[in-house]
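One structure below.
The values are calculated or read from the model by the stated rules, or taken from the named source; none is laboratory data. Fair warning: this is a prediction, and the values are worked out from it, not measured in the lab. Backbone-built Cβ (ideal geometry, glycine too); neighbour counts: all protein chains shown. Just so you know, the surface numbers come from the protein's heavy atoms only, side chains and all, with ligands and any DNA or RNA stripped out. Shrake-Rupley method; radii C 1.70, N 1.55, O 1.52, S 1.80 Å.
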Amino acid sequence: MKITYIGHAAFAIESEGKRLLFDPWIKGNPMAAWTMEQVKAWKPTHIFVTHGHRDHGFSEAVELTKEGLGKAVGVFELINALTEKGGKGIGANIGGRFFLDGMEIYLTEAQHTSPYGVPCGFILKLEGKTLYHAGDTGLFSGMEILAKLFDIDMAFLPVGGHFTMGSKELPLAAEMLKAKRIIAMHYDTFPAIKLSPEDRNLIERRAEFIKPGETIEV
Ligand code: ZN
């Protein structure tokens, strides 16, 4: 499985012939390592959108799925809004487990807001591995329950603070989730989420930083 950090909360994952995008904010994203042309040439098969804020790629998901590039996955109301704009997708809701094209998918809660329904996170089982993309969220005690339901191999967690959890909450999240690896996301893109050297040190004790454009194989 190949995991590429596009930047901010956007990731591209290649696994068993599927090409999955997460929160593909590309247009106007100062951290984006990929352009829309590159995203289109990559031909995504599934586009996971955690919530409707601009920096999580809802409008990119509309554009891509409208052009026949994959299908979006998200909460019911977000997918309804997306299909009303001509896009294509599959809606579900928090705590729901379902199967799609050979993947097991589970929508988690996220302590945040969204213009469409509620925000969510995604847990996915791929190639026998369990991945958790938390979306935008503050720390929440339900992370403990997620660890009881899933043996999480890799968690993508926001660390920038201000709009989401940050460096002080990360150790608690790591303790609750018991994820084998944690990748940091949602930091440094705007002044409000710029990490101080102290934040960075705290985060590095529990999570890994990968650079936008960098690919890891797991
Ligand atoms: Zn948000």
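A few points about this structure:
- Charge dipole (Cα centre; +1 on Lys/Arg Cβ, -1 on Asp/Glu Cβ; no other charges) of segment 1-107 amounts to roughly 120 debye.
- Remark: for residue pairs LYS71/LYS148; LYS27/LYS66; LYS27/LYS125, the C-alpha separation exceeds 23 Å in LYS71/LYS148; LYS27/LYS125.
- Sequentially through segment 43-57, phi angles give Karplus couplings (6.51, -1.76, 1.60; θ = phi - 60°) of 6, x, 9, 9, 10, 8, 10, 6, 6, x, 5, 3, 7, 10, x Hz, Gly and Pro residues having no value and appearing as x.
- When the solvent-accessible area of segment 2-217 is split by element, carbon and sulfur atoms take up 51 percent of it, the probe being 1.4 Å.
- Counting only protein heavy atoms and a 1.4 Å probe, the chain has 41 square angstrom of accessible area per residue.
- Charged neighbours of GLY121, selected by a Cβ distance under 10 Å, balance to -2 (K, R count +1; D, E count -1).
- Alpha-carbon centroids, segment 1-39 and segment 158-198: separation in whole Å: 19 Å
- The calculated Kirkwood hydrodynamic radius for segment 156-217 is 11.8 Å, given to one decimal from all distinct C-alpha pairs.
- Farthest toward positive dipole pole in the chain [+1 Lys/Arg, -1 Asp/Glu at C-beta], among GLY142, GLY102, PRO115: GLY102
- Summed residue charge, Cβ within 14 Å of LEU139's Cβ, Lys/Arg positive, Asp/Glu negative: -3
- Counted charge near ALA9, where neighbours are those whose Cβ lies closer than 9 Å (Asp, Glu -1; Lys, Arg +1): -3
- Share antiparallel - DSSP beta bridges, segment 2-217, percent rounded to 5: 60 percent
- What the Kirkwood sum gives for segment 2-217 is a hydrodynamic radius of 16.9 Å, with every pair of different alpha carbons counted.
- Summing Cβ point charges (Lys, Arg +1; Asp, Glu -1) relative to the Cα centre of the chain gives a dipole of roughly 200 debye.
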